[in-house]
Amino acid sequence: MTRTRIWHPFTQHGLGEPIPNIVRTEGAYLWMDTGERLIDAISSWWVTTHGHAHPSIAAAIAEAAAMTDQIIFAGHTHLQAEAVADGLAALFPAELAHIFFSDSGSTAVEVALKMALGFWAARGEGRHRILVLEGSYHGDTIGAMSVGARGVFNAPYAPLLFDVGTIPFPGDDDALDTLEAACREHAAALIVEPLVLGAGGMRMYAPERLAAMAAICARHGVLFIADEVMTGWGRTGALTACEQAGVVPDIMCLSKGLTGGSLPLAVTLASAAIYDAHYAPDRSRMFFHSSSYTANPIACAAAAANLAIWREEPVLERVAALSVIQADWVERAARWPGVIGARRLGTIAAFEVEDMRPGYLSALGPAIKARCAAAGVLIRPLGNTVYVMPPYCVSSDDLAQVYGAIENAIRVR
Ligand SMILES: *Cc1c(COP(=O)(O)O)cnc(C)c1O
């Protein structure tokens, strides 16, 4: 068994599984050092939206790198961050008036939680209980893990995770009543993955449920935090999943597709009420959060270029066209032997493959993944849940190859 110098994330090196070496990315493709090509059917873990190495994003990165590399963001600003702020303001609801930068989805969530607790502290109300959805995922830092589902992936850290109130999956009958009861106990905030619980198995629920949850929170003054880190940027068929439910949250987390998937960057958008709670002629009430690379100008330039693509190119039309092709494949996949629960929302398609030992550690997922890789297709099932979430530039021929590989892979269950 080879030990590797590089310790990869969510990788058990003890299994000795091959680690492909990617030397070039373009559109929907990853090229390996062997000269072979993989179709990136999961958008490199949900980040790549338009396609890899989009020319205008790549050009913006090169230009920014030569102009302003890294600048302290505490008390300073720069062109690139201002361009992102203007671009976001033009696309997102006016109620989300304030923009706080960070570096990843997890940190965007940490920032959201700290903003919510800061809001209540500033009001002198001791509200600190966070409500979460059963089976949710919000990242891998301690705070983000605390508001996510407990399981094998965070069991060693369980003693450090803070206590939360868990609301059933929104599609379940008792979800709204449980939420209502939990809100009455003066919760600080509810954090949700709107419309799709991603890492929890691509579980989808109706926009009406999202709207109902937001209304219950509003009625009880409980802050509503939408984690759009996966669902944002067109993935569910609209710019955000919240938009499909007519919901404007108090706080929204965005990352992954913010730079088109090219560089790490995140924003937490907040309402005026959240900002105002921290606004005072008193340094002790400022928002105490930063990281060294907050609003890195090169990453911001990539985000500004992404926002320009959203303004200037027919992104939602591409998303709609891809959604139609995905719908067609979901219909076909539903008839394959062993497939259950075939579903789709926007560009995201998912189904379960019948398995003797379901769950995240199912051996079936890695086996399907390996067979697909051998057929030139990158997927990464969540346990026995297979999903396809490609970049929007993927061709219908590529998708035919993707689903052909999956169909063959699951036949040898
Ligand atoms: C991926 C993800 C995160 C974490 O983002 P990172 O950039 O990986 O830290 C948080 N929330 C949701 C819904 C995600 O899908």
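The values are calculated or read from the model by the stated rules, or taken from the named source; none is laboratory data. Since the model is a prediction, treat every value here as computed from it, not as a measurement. Quick reminder, even Gly has a Cβ in these numbers, built from the backbone with ideal geometry, and neighbours come from all protein chains shown.
List the helices (runs of 4 or more DSSP H) inside the stretch 35-118, counting only whole elements, that have at least 1 residues being in the same structural domain as residue 274 (by the TED database), away from the ligand (no atom under 16 Å from the Cβ) and of a type outside the set (D, E, K, R).
Working: elements: 43-46, 55-67, 79-91.
Those helices (runs of 4 or more DSSP H) span 55-67, 79-91.
When you scan the stretch 156-270 for strands (runs of 3 or more DSSP E) that lie fully inside it, which ones turn up with 3 or more residues that are surrounded by 24 or more Cβ atoms within 10 Å (Cβ to Cβ)?
Details: elements: 165-167, 189-192, 223-227, 251-254, 266-270.
By residue number, 189-192, 223-227, 251-254, 266-270.
Filter the stretch 171-199 down to the residues that are more than 16 Å from the ligand (Cβ to nearest atom) and of a type in the set (A, V, I, L, M, F, W, C), then identify the one that is farthest from the chain's Cα centre (by Cα).
Residues of the stretch 171-199 that are more than 16 Å from the ligand (Cβ to nearest atom), as a first pass: 171-188.
From what is left, the residues that are of a type in the set (A, V, I, L, M, F, W, C) are 175-176, 179, 181-183, 187-188.
Details: 175: 23, 176: 24, 179: 23, 181: 28, 182: 26, 183: 26, 187: 24, 188: 23 Å.
So, considering only residues that are more than 16 Å from the ligand (Cβ to nearest atom) and of a type in the set (A, V, I, L, M, F, W, C), the one farthest from the chain's Cα centre (by Cα) is 181.
Among the listed residues 336, 329, identify the single one that is in the same structural domain as residue 387 (by the TED database) and not in a helix (DSSP H, G or I). Don't jump to the end; show me each part of the working.
On the way: 329 fails: not in a helix (DSSP H, G or I).
Result: 336 is the single residue among 336, 329 that is in the same structural domain as residue 387 (by the TED database) and not in a helix (DSSP H, G or I).
In the stretch 320-369, which residue that is among the charged types (D, E, K, R) and modelled with pLDDT of 95 or more is nearest to the chain's Cα centre (by Cα)? Before you say what the answer is, go through the steps one by one.
Of the stretch 320-369, the ones among the charged types (D, E, K, R) are 328, 331-332, 335, 343-344, 352, 354-355, 357, 369.
Checking which are modelled with pLDDT of 95 or more leaves us with 328, 331-332, 335, 343-344, 352, 369.
Values: 328: 25, 331: 25, 332: 27, 335: 29, 343: 19, 344: 16, 352: 21, 369: 21 Å.
If we take residues in the stretch 320-369 being among the charged types (D, E, K, R) and modelled with pLDDT of 95 or more, then 344 is nearest to the chain's Cα centre (by Cα).
Does the stretch 285-301 contain any residue that is touching a Cys at 6+ places or on another chain (Cβ under 8 Å), part of a loop (DSSP other than H, G, I, E, B), within 16 Å of the ligand (Cβ to nearest atom) and not polar (S, T, N, Q)? Let's see the steps before the verdict.
So the first thing to find is which residues in the stretch 285-301 are touching a Cys at 6+ places or on another chain (Cβ under 8 Å), and the list is none.
No, there is no match, as no residue in the stretch 285-301 is touching a Cys at 6+ places or on another chain (Cβ under 8 Å), part of a loop (DSSP other than H, G, I, E, B), within 16 Å of the ligand (Cβ to nearest atom) and not polar (S, T, N, Q).
Yes or no: the stretch 4-14 includes at least one residue that is touching a helix residue (DSSP H, G or I) at 6+ places or on another chain (Cβ under 6 Å), surrounded by 14 or more Cβ atoms within 10 Å (Cβ to Cβ) and within 18 Å of residue 380 (Cα to Cα).
For the stretch 4-14, residues touching a helix residue (DSSP H, G or I) at 6+ places or on another chain (Cβ under 6 Å), surrounded by 14 or more Cβ atoms within 10 Å (Cβ to Cβ) and within 18 Å of residue 380 (Cα to Cα): absent.
Please determine whether any residue of the stretch 131-139 is within 27 Å of residue 182 (Cβ to Cβ), of a type in the set (Asp, Glu) and surrounded by fewer than 19 Cβ atoms within 10 Å (Cβ to Cβ).
Within the stretch 131-139, the first condition is being within 27 Å of residue 182 (Cβ to Cβ), and the residues that meet it are 131-139.
Among the residues that remain, those that are also of a type in the set (Asp, Glu) are: 134.
Those still in the list that are surrounded by fewer than 19 Cβ atoms within 10 Å (Cβ to Cβ) too: 134.
Scanning the stretch 131-139 turns up at least one residue that is within 27 Å of residue 182 (Cβ to Cβ), of a type in the set (Asp, Glu) and surrounded by fewer than 19 Cβ atoms within 10 Å (Cβ to Cβ).
If the Cβ limit is 7 Å and pairs must be 6+ apart or interchain, which residue in the stretch 227-240 that is closer than 26 Å to residue 115 by Cα and without any contact (Cβ under 8 Å) to a residue 40 or more places away in the chain pairs with which residue that is assigned to a loop (DSSP other than H, G, I, E, B) and more than 8 Å from the ligand (Cβ to nearest atom)?
Correct list of pairs: 228/194; 228/240; 231/194; 231/195; 231/240; 232/240.
Restricting to the stretch 10-44, name every residue that is among the polar types (S, T, N, Q) and without any contact (Cβ under 8 Å) to a residue 40 or more places away in the chain.
Filtering the stretch 10-44 down to residues among the polar types (S, T, N, Q) leaves 11-12, 21, 25, 34, 43-44.
Result: 11, 12, 21, 25, 34.
Restricting attention to the stretch 136-155, which residues are under 25 Å from residue 209 (Cα atoms) and outside any loop (DSSP other than H, G, I, E, B)?
Looking only at the stretch 136-155, we keep the residues that are under 25 Å from residue 209 (Cα atoms), and these are 136-139, 144-150.
Hits for the stretch 136-155 are 144, 145, 146.
Do the conditions hold for residue 66, that is, is it exposed (fewer than 12 other Cβ atoms within 10 Å of the Cβ) and small (Gly, Ala, Ser)? Give the steps one after another, and end with the answer.
On the way: exposed (fewer than 12 other Cβ atoms within 10 Å of the Cβ): yes; small (Gly, Ala, Ser): yes.
Answer is yes for this residue.
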